[in-house]
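The values are calculated or read from the model by the stated rules, or taken from the named source; none is laboratory data. Values in this document were obtained by computation on a predicted structure and should not be read as measured data. Positions of Cβ are backbone-derived with ideal geometry, glycine not excepted, and every protein chain shown enters the neighbour counts.
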Amino acid sequence: MKLKDKIIAILATDGFEQSELFEPLKALKDQGATVHIVSDKEGKIKGWDKADWGKHIEVDKKVDAAHVKDYDALVLPGGVLNPDSLRTHTVALNFIKAFFESSKPVAAICHAPWLLISAGVINGRKVTSFKSIKEDVINAGAEWQDKEVVVDNGLVTSRNPDDLPAFCDKIIEEVIEGKHDEQHA
């Protein structure tokens, strides 16, 4: 139970890539963390499972009522619809920015770096993402790397669902150690 007494937020809305929310959720809970699903809406949000709608998950807290001081880290699952919707939500973007301002770990996978771009926190960072948004990441001032996981000063990024084992391990490591070095896997 490496993450006992840790509280992690997963920020998502309808259209999150199912595996990119459920696998980190399970990995974090398996290590003893309390995990809150934070969203722009109340009730349930619906996942996207590869090519069609997938499972629902209950929202624990609306982002308007969530405060960075209550959390030890933030996870941003991808999918196309999820980050594309959230990146137009000012409160969600401010929530993401607050984690960077507080030097707390943030993990983003697949298309979720779109949220980092819109939150204005990616410039000058080493990151990876889904290949189709590589140019967006570069144009936002980041150094894009084609690796399964890249860690830059508390920011963990991965490319796609195939990278989930390494992504989940690095999230746990960053939360445990709270280290914000510039080592890259």
(request) Check ILE10 against each of (1) in contact with a His (Cβ under 9 Å, 6 or more places away or on another chain); (2) farther than 21 Å from ILE117 by Cα and name the one condition it does not meet. (result) (2)
(request) Answer with yes or no whether THR34 is under 20 Å from LEU164 (Cα atoms) and β-branched (Val, Ile, Thr). (result) yes
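Please go through region 100-113 and give me each residue that is crowded, with 22+ Cβ neighbours inside 10 Å and over 11 Å from the mean Cα position of the chain (by Cα), ordered by number.
Narrowing region 100-113 to residues crowded, with 22+ Cβ neighbours inside 10 Å: 105-113.
Result: no residue meets the conditions.
Inside region 112-131, can you point out the residues that are in a loop (DSSP other than H, G, I, E, B), farther than 20 Å from ALA12 by Cβ and either in contact (Cβ under 8 Å) with a residue 40 or more places away in the chain or touching a Leu at 6+ places or on another chain (Cβ under 7 Å) (or both)? If you could, list the steps in order and put the result at the bottom.
Pass one, region 112-131, residues in a loop (DSSP other than H, G, I, E, B): 112, 120-125, 128-130.
From the residues that got through so far, the ones that are farther than 20 Å from ALA12 by Cβ too are 120, 123-125.
ARG125, the sole residue that qualifies.
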(request) Within region 141-151, track down each residue that is under 16 Å from LYS170 (Cβ atoms) and crowded, with 21+ Cβ neighbours inside 10 Å. (result) VAL149, VAL150, VAL151
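Checking the conditions here, which among LYS41, LYS147, LYS104, LYS134 is of a type in the set (Lys, Arg) and assigned to a helix (DSSP H, G or I)? Give the derivation first.
On the way: LYS41 fails: assigned to a helix (DSSP H, G or I); LYS147 fails: assigned to a helix (DSSP H, G or I); LYS104 fails: assigned to a helix (DSSP H, G or I).
Matching residue, one of LYS41, LYS147, LYS104, LYS134: LYS134.
If the requirement is being over 22 Å from ALA33 (Cα atoms), among the β-branched types (Val, Ile, Thr) and either surrounded by fewer than 22 Cβ atoms within 10 Å (Cβ to Cβ) or within 13 Å of the chain's Cα centre (by Cα) (or both), which of these qualifies: ILE138, ILE171? I'd like the intermediate steps shown before the answer.
Working: ILE171 fails: over 22 Å from ALA33 (Cα atoms).
Residue meeting the stated conditions: ILE138.
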(message) If I filter region 57-71 for residues that are hydroxyl-bearing (Ser, Thr, Tyr), farther than 19 Å from SER85 by Cβ, out of contact with any Pro (no Cβ under 9 Å at 6 or more places or on another chain) and touching a residue at least 40 places away in the same chain (Cβ under 8 Å), do I get at least one hit?
(response) yes
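Considering each residue of region 77-103, count those that are in contact with a strand residue (DSSP E or B) (Cβ under 6 Å, 6 or more places away or on another chain) and either aromatic (Phe, Trp, Tyr) or more than 13 Å from ASP40 (Cα to Cα) (or both), and give that number.
Kept after step one, since they are in contact with a strand residue (DSSP E or B) (Cβ under 6 Å, 6 or more places away or on another chain), are these residues of region 77-103: 77-79, 82, 99.
Still in the list and also either aromatic (Phe, Trp, Tyr) or more than 13 Å from ASP40 (Cα to Cα) (or both): 77-79, 99.
Matching residues across region 77-103 total 4.
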(message) From the list GLU143, GLU173, GLU177, GLU135, exactly one residue is at pLDDT below 95 and out of contact with any helix residue (DSSP H, G or I) (no Cβ under 7 Å at 6 or more places or on another chain). Which is it?
(response) GLU177
(request) Tell me which residues, restricted to region 37-66, are farther than 23 Å from PRO161 by Cβ and out of contact with any helix residue (DSSP H, G or I) (no Cβ under 8 Å at 6 or more places or on another chain). (result) LYS41, GLU42, GLY43, ASP60, LYS61, LYS62, ALA65
